[in-house]
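Presented below is the structure to which this report refers.
The values are calculated or read from the model by the stated rules, or taken from the named source; none is laboratory data. No experiment lies behind these values; they were computed from the predicted model shown. So basically every Cβ, Gly included, is an ideal-geometry build from the backbone, and we count neighbours across all protein chains shown.
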Amino acid sequence: MPEENIEGILEGDPNNKWPSGDENFDKENPMAMLPKRLDVIPFFRNKPVKILQDGFSVFFREINGLEYWITEKKLPGSYMVQWLEIEGSKKARFHRKLTNKNGLDVDNNKRDQKLVKYLHEHSGISREEINYFLEDVGVFIGDHRNDILPKKDLENEKESAKTQENEINGLPEKRKNELKKILERPDLLSYIDRAFYERSTSSGFIIGEVESKHVLNFNCIGARLGISTINTLKGESSIGKTNTANVVTGIHRTKKVGSLSDTALKYSEDWNLIDILYIQETLEDEFKNKQARLMSADDGGFIAETTIKNLKTGRFEIQKETIPVKTIVTTTTAIEIDPEFSTRNFIIPVDDSEEQTKRILRENFKTTEKKLQEIRGESLFDYKYEALRQAFQLLKPYTVLIPYEKELYEIFPTKNPRARRDSKKLMQLIKESALLFQYQRCKGQINGQDILVASWVDLGHAIILGGPILEATLTGFDKRLIDALPIVYEIIEDKGYVTSNELQIELGKSSKYAWQILKFFADNNYIYHDHATKIKNSVKGRTKVFIKSGSKEYKSLLLAIRTIKWPRIKEKEEEFIKKQILNSSYNVGDVIHLPHYESRVVNKVVYTPTPINSKEFRIYITKEHMPFKNSNKNKENLMGKSRYSKNSKCIKTIPGVEIDYKNITILEKSIFTQLADLKDHTRESIVEELKSRYNLDEILLTLKDMSERGWIK
Amino acid sequence: MDKITTPHSLTLNNLTKHNKPAYILDWLSINIHLKKFLLLHLTEAIDEYSVPSMSLSKDTVVKAMSLNMGHIVKAQVEIFVDNLIYKGYIIEIPGHGIKIQDKAYSDLRKLDKLIYYQRMVK
């Protein structure tokens, strides 16, 4: 209702009884009936309370012709409080809104201190006076809340029911406990995996995509709890980027927008209700837009500028509005992303491997089966997804402390300045993992602040799941290049230089391939053509002779991670908890659930508990070559190290067993051939040897089959 | 009684090359594990590269075995293959390429038994 009307009607006696009390009043006149609500508008400090559409303003005091009011707005699930400064008819808010679960009638020291601080610094009114006023307001609102708050209409009620806090508050205790139990599961990642998979036929599902979905989900969790990021799902068209983004963001508070336009962002009013801004498709050019850059985690906010016409002067003016930082999720088919943008961004490659295509195809041809299950009520599709959506709302923001931060310093290449930003990303992922697993981490209070201690498991998650993505983001290297670089450096160390001929021999590939690789490294200043070395080594012809450039030395993050001493990290965590969190009975766990592909389970991924001291975990980190995933076909490889770790015992043929060599399959023959080798074989080594020739699932199944037949042990 | 021979085996025998290899291995003194290793690689290579409509050349077998055995020098593999032909594990028929003989499979089974007994004795 416009303010003038309120003031107009309430001029004079506020007692609403006057019309009926006046004998001369014409009762037939329809104007005799005043709107009922005005009946009860109360006064506070001799000024009427201003009723707004979804809240009210209460007068505080006047100083130098300026009136100060405090305003409270009811939003679904929260209250917004802010000061207003009114000069004549001009209103000005002078600080950002404070969101709180409770209104001004409920005590909240933190919020009140902030309110006092803002007003005191702005107007010079003494803190005591403001404090007293807030107390006064609290009591007043407590008494009059029903009178001054407009009755909610049904539609609003419906909307608010959808929003998180109401929803979570409205849940029965029993359900809340169930949800907490989900968050307390050590194999929470496995639950998330299944939740994304077990969707009804009409909704999208995710199968595989282990790193992409978990990293995106980590970042979405971070968005809810105050860590903002930009996430770009990158890959060819129709590869499932949008589907992955849809399914993951669907579980969080997300707003979908068509494009990153200033106006679209500025006029969105529901900023407080969302955590994630999902821009469906970003074109190559759009990455160069300034607004996208400004929204990165480091730059703190997005300024939308729009031109508006000033009606008085007739001139155009620029209006600026700061929009709070939100986590952005977008998809793109762009091959090259502006390097400036790409460093600020989590580039999440979508798995385009053949194995992944097979998985999806198999699933796609299961729709009838799924539909039948759905109709018969045999499977509870979307149950886990919905439970997870609700469970995530139970997560609370904490200050996350990482006890082993210093240990991580060494793994980042100091020569590469990009590491500065990248190290932050690793930290972010660790924090997000800790926040997601907050029901399983050590919590405490230091100086009144709630803190959460990140565990070594979170580092494990950040590295195993986020490593390939960080690597892709950091270098733009693809797998071929990652593989070739150590070889190039090795040749240079041996011979003092490298030419395409030498690299070709070493790689066993064509000379053109070797040349392309050398050219890429030369273009990116990893190596350079040195004429003097060419003459010195009397290399003839047009051959280019490359030597190592001192400026850049690539150090693969994932390779460096091998050097992490996991037990030391765990010790650090224990020490930290002992020192900082007094009286904590928290025990640091020693098991991490590592994902690996398994064709026998429906969602194709199992999460095996792996102890920190186990040989299996060491295998993962001490492997000579740590394959990594860029945008290409190495997802299988990434998981490869851990996948077979469970069964990495020696495999041997059982002596004395009669095998009809003529009638066995070629794969069985190949396995026997490997076992006839003089060295000891594990399941892992056999797969390593044969994976270039056979399908991975086939090898695993055959091995299993052979062991069941009693041929191997 | 005369030995009954099928026309097929007759033709095969007539066509088969039995050239003496340049380097004849003392087959009996070869370690049984190595024998098994060789025969398995042989059967695997032949299985892997046999295409019904095409003949399999000795060169292909040598290349495949060399690759599968871990890039063993081809000349060395060739000596083994020549000896395997000489010993009748495989035959080389002009125009038909390399064919494996049942002897390879039966000897593999024998070798398995030998390895088993050897272990028992130890």
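Answer yes or no as to whether B:ILE115 is over 17 Å from A:ALA676 (Cβ atoms) and either hydroxyl-bearing (Ser, Thr, Tyr) or surrounded by 12 or more Cβ atoms within 10 Å (Cβ to Cβ) (or both).
On the way: over 17 Å from A:ALA676 (Cβ atoms): no; either hydroxyl-bearing (Ser, Thr, Tyr) or surrounded by 12 or more Cβ atoms within 10 Å (Cβ to Cβ) (or both): yes.
So B:ILE115 fails the test.
Listed residues B:ILE72, B:ILE79, B:ILE98; which is more than 10 Å from chain A (Cβ to nearest Cβ), over 27 Å from A:THR653 (Cα atoms) and not in a helix (DSSP H, G or I)?
Values: B:ILE72 fails: over 27 Å from A:THR653 (Cα atoms); B:ILE79 fails: not in a helix (DSSP H, G or I).
When all the criteria are applied, what remains is B:ILE98.
Scan A:THR682, A:THR673 and give me the residue that is among the polar types (S, T, N, Q), at negative phi and within 14 Å of chain B (Cβ to nearest Cβ).
Values: A:THR682 fails: within 14 Å of chain B (Cβ to nearest Cβ).
Answer to the selection: A:THR673.
Scan A:ASN146, A:ASN177, A:ASN131, A:ASN169 and give me the residue that is at pLDDT 55 or above, under 15 Å from A:SER57 (Cα atoms) and of a type in the set (S, T, N, Q).
Numbers: A:ASN177 fails: under 15 Å from A:SER57 (Cα atoms); A:ASN131 fails: under 15 Å from A:SER57 (Cα atoms); A:ASN169 fails: under 15 Å from A:SER57 (Cα atoms).
Result: A:ASN146 is the single residue among A:ASN146, A:ASN177, A:ASN131, A:ASN169 that is at pLDDT 55 or above, under 15 Å from A:SER57 (Cα atoms) and of a type in the set (S, T, N, Q).
Going by the structure shown, is A:ILE651 within 14 Å of chain B (Cβ to nearest Cβ) and modelled with pLDDT of 75 or more? Walk me through it before giving the result.
Working: within 14 Å of chain B (Cβ to nearest Cβ): no; modelled with pLDDT of 75 or more: yes.
Answer is no for this residue.
Being over 41 Å from the mean Cα position of the chain (by Cα) and part of a helix (DSSP H, G or I) is the filter; apply it to the stretch A:507-533 and report the residue that is surrounded by the most Cβ atoms within 10 Å (Cβ to Cβ).
A:THR533
Suppose we filter A:VAL657, A:VAL687 for residues that are within 37 Å of the chain's Cα centre (by Cα), among the β-branched types (Val, Ile, Thr) and over 17 Å from B:ILE46 (Cβ atoms); which single one remains?
On the way: A:VAL657 fails: within 37 Å of the chain's Cα centre (by Cα).
The unique qualifying residue is A:VAL687.
Restricting attention to the stretch A:660-670, and to residues there that are within 7 Å of chain B (Cβ to nearest Cβ) and either aliphatic (A, V, I, L, M) or closer than 17 Å to A:ASN695 by Cα (or both), which single residue is surrounded by the fewest Cβ atoms within 10 Å (Cβ to Cβ)?
Ranking the qualifying residues of the stretch A:660-670, first place goes to A:ILE666.
What number of residues in the stretch A:76-96 are modelled with pLDDT under 75 and either in a strand (DSSP E or B) or over 23 Å from A:TYR132 (Cβ atoms) (or both)? Can you show your working first?
Going through the stretch A:76-96, the residues modelled with pLDDT under 75 turn out to be A:76-77, A:88-96.
In the following step, the residues that additionally are either in a strand (DSSP E or B) or over 23 Å from A:TYR132 (Cβ atoms) (or both) were identified as A:76-77, A:88-93, A:96.
Here the count works out to 9.
Looking only at residues in the stretch B:35-58 that are surrounded by 13 or more Cβ atoms within 10 Å (Cβ to Cβ) and out of contact with any helix residue (DSSP H, G or I) (no Cβ under 8 Å at 6 or more places or on another chain), which one is nearest to the other protein chains (Cβ to nearest Cβ)?
Pass one, the stretch B:35-58, residues surrounded by 13 or more Cβ atoms within 10 Å (Cβ to Cβ): B:35-50, B:55-58.
With out of contact with any helix residue (DSSP H, G or I) (no Cβ under 8 Å at 6 or more places or on another chain) added as a condition, the list becomes B:50, B:55, B:57.
Numbers: B:SER50: 10, B:SER55: 19, B:SER57: 19 Å.
Across the stretch B:35-58, the extreme among qualifying residues is B:SER50.
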